[in-house]
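A.B. asks: The following block contains the structure, expressed as structure tokens.
The values are calculated or read from the model by the stated rules, or taken from the named source; none is laboratory data. From a predicted model like this one, the values you see are computed outputs, not experimental measurements.
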Amino acid sequence: MKNILIKFKEIINEVTPLAFAFLCFGITIQLIVGEPILGWDVVGNISKAIGRLGQNTFIGIASLLFLYTILNKK
């Protein structure tokens, strides 16, 4: 069981930078083009997520701390 969790953690650590790169790419392309690409409204989704974080204060702070720890590993 411990090996499975270690492997799962390794997979998550490898996928996170790739997902972050796709997110940055999507934001950049949408800002250049000015409209959602293939129905993927990155900037709108981020705006909605930030709005939801403001409504649920404790959950918002917890998720921001979680994202901060993920991105601050490097």
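A.B. asks: What are the residues in the stretch 29-74 that are among the charged types (D, E, K, R), at pLDDT below 75 and outside any helix (DSSP H, G or I), if any?
C.D. replies: Residues satisfying the conditions are Lys73, Lys74.
A.B. asks: State the number of residues belonging to the stretch 1-28 that are more than 24 Å from Tyr68 (Cα to Cα) and in a helix (DSSP H, G or I).
C.D. replies: So the count comes out to 3.
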